[in-house]
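Colleague: Before anything else, here's the structure in question.
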Amino acid sequence: MFEVLTGTGLAASAGLNAYIPLITMGLLARYTDLIELPSGWQWLGNGWVVLILAVLLAVEVVADKVPVVDHVNDVVQTVVRPTAGGLAFGAGAGSETVTVSDPDTFFSSHQWVPVVSGVVIALGVHLLKSAARPVVNATTAGFGAPVASTAEDATSAVMSVVAILLPVLVLAFLLGLLAFLFWFLRRRSDRRRERQAARAAGFRV
């Protein structure tokens, strides 16, 4: 079961930032014994792959902190983040880590399941992030964009490490994500009712 939590945490992390979980796995696999990537995913630890991902991460970090540009970036990332989530789940769920010593038995007969699961998880987190960011920008006149982006990057980094080292804590992250989703949908509903009430009051005047 830890394989699922590891893959889920990495895929959710990719939904916030496509490159952080991939770089985390690549660096840990290349320079430590904390994770051993399966044979089909060892390219993630290649030095050139890590370097390319680092360059892409630098571009993403800058673009995601500039109002308006962050919206364009989110549109582009609608394809990139789910793809990264599929890769992260596939690689993470098949890796040997400090908590998983025999990962091959879980998805041995359905290798496509972790990749598809990662795509779906990362897409869901990405859509939530993309929907929340315009609200943050509008309510803070754009000043909240870099703060929100930094918080998302930090969460992605922490979640990537936690998913590999202590995957049980991924459950707490998922509960927090569901709580945020509930709050966000309720907030949007309240704001919609407020706008409708304001328009109705304007018409009466």
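Colleague: Over region 1-88, calculate the relative contact order: mean separation of alpha carbon pairs under 8 Å at least 6 apart, over the residue count, as a percent.
Modeller: 43
Colleague: Something else about it: Please report, in cubic angstrom per residue, the volume enclosed by the convex hull of the alpha-carbon atoms of region 1-78.
Modeller: Spelled out: Cα convex hull of region 1-78, divided by residues, is 100 Å³.
Colleague: Rank-order 145-154, 160-169, 117-126 by packing density, defined as the average count of other C-beta atoms within 10 Å over each peptide's residues, highest first.
Modeller: Final packing ranking: 117-126, 160-169, 145-154.
Colleague: Another question, if that's okay. Which value, in Å² and to the nearest 10, is the accessible area of residue 182 when all protein chains are kept and the probe is 1.4 Å?
Modeller: 130
The values are calculated or read from the model by the stated rules, or taken from the named source; none is laboratory data. Source: prediction; values computed, not measured. All Cβ positions, even for glycine, are placed from backbone atoms using ideal geometry, and neighbour counts span all protein chains on display. Heavy atoms of the whole protein, side chains included, go into the accessibility calculation; ligands, DNA and RNA do not. Shrake-Rupley method; radii C 1.70, N 1.55, O 1.52, S 1.80 Å.
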